[in-house]
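The values are calculated or read from the model by the stated rules, or taken from the named source; none is laboratory data. Quantities reported herein were computed from a predicted structural model and do not represent experimental measurements. Glycine also receives a Cβ, built like all others from the backbone with ideal geometry; neighbour counts cover every protein chain displayed. Accessible surface is based on the protein model in full, side chains and every heavy atom, while ligands, DNA and RNA are left aside. Shrake-Rupley method; radii C 1.70, N 1.55, O 1.52, S 1.80 Å.
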Amino acid sequence: MIINGRVSYLESGIKTSLRAMQVQSELVSMTNQNIIGFDKIGYQRQEPIVSSFTEYLGVDGLSQTVDDKVGRIMMSEKPLDFAIATKGYFQTQSENGVKLTRDGRFKLDREGNLLTQEDHQVLSNAGMPIQLPFVPDDLKKIKVDDSGLLSVFNDKTKKLEAVATIGVVDANGMVVMEPKVKQGYNEYSNVSLQNEFLSMMPVIRAFEANRQVFMIQNQNLQKVISQLGSAS
């Protein structure tokens, strides 16, 4: 790079081709992650971001952002499966602090604590772990409405008793006022396989083009080295 009242970038074609192939390989890897996550409950598509200087920075010029569109919501018929029909996340408490997830496959322990599949405590909209006053003999006695209010039917009082409201927040941690929680449903990924494969095609073509350029430059370089060797 030469700086003298202006900026000029000088680099061999071989390095440029190698850097381009590295970038395109990383883009393919990102797309593969989305394809693998297609059938994962709560998975959100990762959108590749290519900066203006990726041509010079290589893979360091790449980043990702989360596509927060709602995924495919399908019935599961399990009382403790919940899906959010709008943008937002369930709050859970782990050993490393509060985590956000759209995977609403919950369960109860013996003490009535509402837990994730990883045994993280599910938090209410007040930021407190949700614990039922008792564990019902039938999980179908647990009801959750659109607002996330969790209630349990008490056989002694013959009434549906409110326990807590499941906390649903946005990416910034702000409470979502109308989360549209659906009981007995799972939300699968928001990945479209067709779009992922279509987006991968130009990247693969660009990789092949850069590979051909690299091979041509490499062959020419070998010829030059060979001629210089024979001349000496």
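Here are a few things to note about the model shown:
- Residue within region 121-133 that is open to solvent by 40 Å² or more (accessible area, probe 1.4 Å) and touching a Phe, Trp or Tyr at 6+ places or on another chain (Cβ under 9 Å) present: no
- Counted residues, region 147-196 - those being within 21 Å of Lys99 (Cα to Cα) and assigned to a loop (DSSP other than H, G, I, E, B): 15
- Those residues of region 156-187 which are free of Cβ contacts under 8 Å to residues at least 40 places away in the same chain and open to solvent by 70 Å² or more (accessible area, probe 1.4 Å), in sequence order: Lys156, Lys158, Lys159, Leu160, Ala162, Asn172, Met174, Met177
- So Gln217, is it modelled with pLDDT under 95 and either touching a helix residue (DSSP H, G or I) at 6+ places or on another chain (Cβ under 8 Å) or of a type in the set (Phe, Trp, Tyr) (or both): yes
- The combined condition, being in contact with a Leu (Cβ under 9 Å, 6 or more places away or on another chain) and open to solvent by 20 Å² or more (accessible area, probe 1.4 Å), is not fulfilled by Leu114.
- Test result for Val144, touching a residue at least 60 places away in the same chain (Cβ under 8 Å) and crowded, with 19+ Cβ neighbours inside 10 Å: yes
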